[in-house]
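The values are calculated or read from the model by the stated rules, or taken from the named source; none is laboratory data. Please read these numbers as outputs of a predicted model, since none were measured by experiment. Note: ideal-geometry Cβ built from the backbone for every residue, glycine included; neighbour counts use all protein chains shown.
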Amino acid sequence: MTYPLTHIDPSAKIGEHVTIDPFTMIHGDVEIGDGTWIGSNVTIFPGARIGKNVRIFPGAVISAIPQDLKFGGEITTAEIGDNTTIRECVTINRGTVDKHRTVVGKNCLIMAYVHIAHDCFISDHCILANSVQMAGHVTVGEFAIIGGSTAIHQFAQIGKHVMISGGSLVRKDVPPYTKSGREPLTYAGINSVGLRRRNYSDTQIADIQEIYRYVYQKGLNIQAAIQEIEEHINPSIERDEILTFIRNSERGIMKG
C-alpha cells in the first residue's frame, strides 16, 4: 500500500503487502521485501536491500553514500535483514570499495538516532540503543547489546553476546561474552544473565568466566594468558571463539 505524496522510482522492486507512508522517497536500485512497513519522511537511496517484515520509522535515511572522502561512486549496498526494526532518524550508509556493503542482520533493534557507517557488519539479534555512533568497518557479533550514546572507533571488533554500557567510548576490540563499561573501556565480567537467557549451561558459563580470569585477573600478558588457557581449559566452542578473537585482534582488546 502506498499513499499520495509518496515517491517510488519505477525501477524499485517492492514486495507484497508493503506499506509506505506519505512523504517517503524510494530511489531506484532498491529492493524491499514482503510485509515491510516504511513510515513517513524516510529516504531510501540506491543500493538498499531491505528484507521481509522490516519496520522503518520516520526520518530514517537508508543507503546514503558513505561519509568517506575516498568514496569514488562505486556500486555498493546497504542490507537490512528480515524482522529488523529501524527507529526514528537512524542513518545507515552503504559500503565502499573495501567490502562493497554495509549489513544489519535479522531480528535487530536499531534505536533512534543511531548512525551505522560504511562497511559495518551487524550480526543477527543485536540491539543498538539510542544514539550509538558507529564509524566505518566495525563488526558486531550476534546478540550484542550496545548502550545508548556509545561511540565506536573505526575497524573495532565487538564479539557475540557482549553488553557495553551506555556512554562508552569503544577504542579497542571487545571480546565475546563480556560486559564492559567505564572510561577507558574496561572488562566488567561476563554477560552471564544474557547467556542464561540464551540457554547456556552453568558449566559453559563457568568455563567462560575461568577463561577471562586468565585474560584479565591473573596479571598475565596476552600471550601468556593464551598459553595458560590452552593448557588448563578443555577445548570447547566458546574457548576457541575467545582465543580466535583475541589472536585476530588488530587493535588489541579492551583493558582489564
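Things worth noting here:
- Subset of the stretch 127-143 [buried (at least 21 other Cβ atoms within 10 Å of the Cβ) and more than 23 Å from Phe45 (Cβ to Cβ)]: Gly141, Phe143
- Within the stretch 37-69, the set of residues being crowded, with 23+ Cβ neighbours inside 10 Å and polar (S, T, N, Q) comprises Ser63 only.
Results for (1) aliphatic (A, V, I, L, M); (2) part of a loop (DSSP other than H, G, I, E, B); (3) modelled with pLDDT under 95; (4) under 21 Å from Leu128 (Cα atoms), shown as yes or no for each residue.
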position: Leu5; (1), (2), (3), (4): yes, yes, yes, no
position: His17; (1), (2), (3), (4): no, yes, no, no
position: Asn41; (1), (2), (3), (4): no, yes, no, no
position: Lys70; (1), (2), (3), (4): no, yes, yes, no
position: Glu74; (1), (2), (3), (4): no, yes, no, no
position: Thr102; (1), (2), (3), (4): no, no, no, yes
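- The residues in the stretch 32-63 that are polar (S, T, N, Q) and over 12 Å from Ile86 (Cα atoms) can be counted, and the count is 4.
- Per the conditions (1) touching a helix residue (DSSP H, G or I) at 6+ places or on another chain (Cβ under 9 Å); (2) part of a helix (DSSP H, G or I); (3) surrounded by fewer than 19 Cβ atoms within 10 Å (Cβ to Cβ), the sole criterion not satisfied by Tyr212 is (3).
- Some residue of the stretch 193-207 being at pLDDT 95 or above, outside any loop (DSSP other than H, G, I, E, B) and surrounded by 21 or more Cβ atoms within 10 Å (Cβ to Cβ): no
Results for (1) of a type in the set (Lys, Arg); (2) in contact with a Phe, Trp or Tyr (Cβ under 7 Å, 6 or more places away or on another chain); (3) not assigned by TED's automatic domain parsing to the domain that holds Ile50, shown as yes or no for each residue.
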site	(1), (2), (3)
Cys108	no, no, no
His125	no, yes, no
Thr139	no, yes, no
Ala151	no, no, no
Asp173	no, no, yes
Gly189	no, no, yes
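- Contacts under 8 angstrom Cβ, first residue in the stretch 227-244 being more than 17 Å from Tyr177 (Cβ to Cβ), partner among the hydroxyl-bearing types (Ser, Thr, Tyr), 6 or more apart: Glu228/Tyr214; His232/Tyr214
- Residue match in the stretch 66-85 (condition: closer than 19 Å to Asp124 by Cα and touching a Phe, Trp or Tyr at 6+ places or on another chain (Cβ under 6 Å)): no
Rundown of residues vs (1) in a helix (DSSP H, G or I); (2) crowded, with 17+ Cβ neighbours inside 10 Å; (3) at positive phi, yes/no style:
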| position | (1), (2), (3) |
| --- | --- |
| His125 | no, yes, yes |
| Ser149 | no, no, yes |
| Phe155 | no, no, yes |
| Lys160 | no, yes, no |
| Lys179 | no, yes, no |
| Gly189 | no, no, yes |
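- Residues satisfying the criterion are present in the stretch 148-157 (criterion: at pLDDT 95 or above and under 23 Å from Val54 (Cα atoms)).
- Being outside any loop (DSSP other than H, G, I, E, B) and surrounded by fewer than 13 Cβ atoms within 10 Å (Cβ to Cβ) is a property that Glu231 has.
- Among the conditions (1) under 21 Å from Arg247 (Cβ atoms); (2) of a type outside the set (A, V, I, L, M, F, W, C); (3) in the same structural domain as Ser236 (by TED's automatic domain parsing), Tyr177 misses just one, which is (3).
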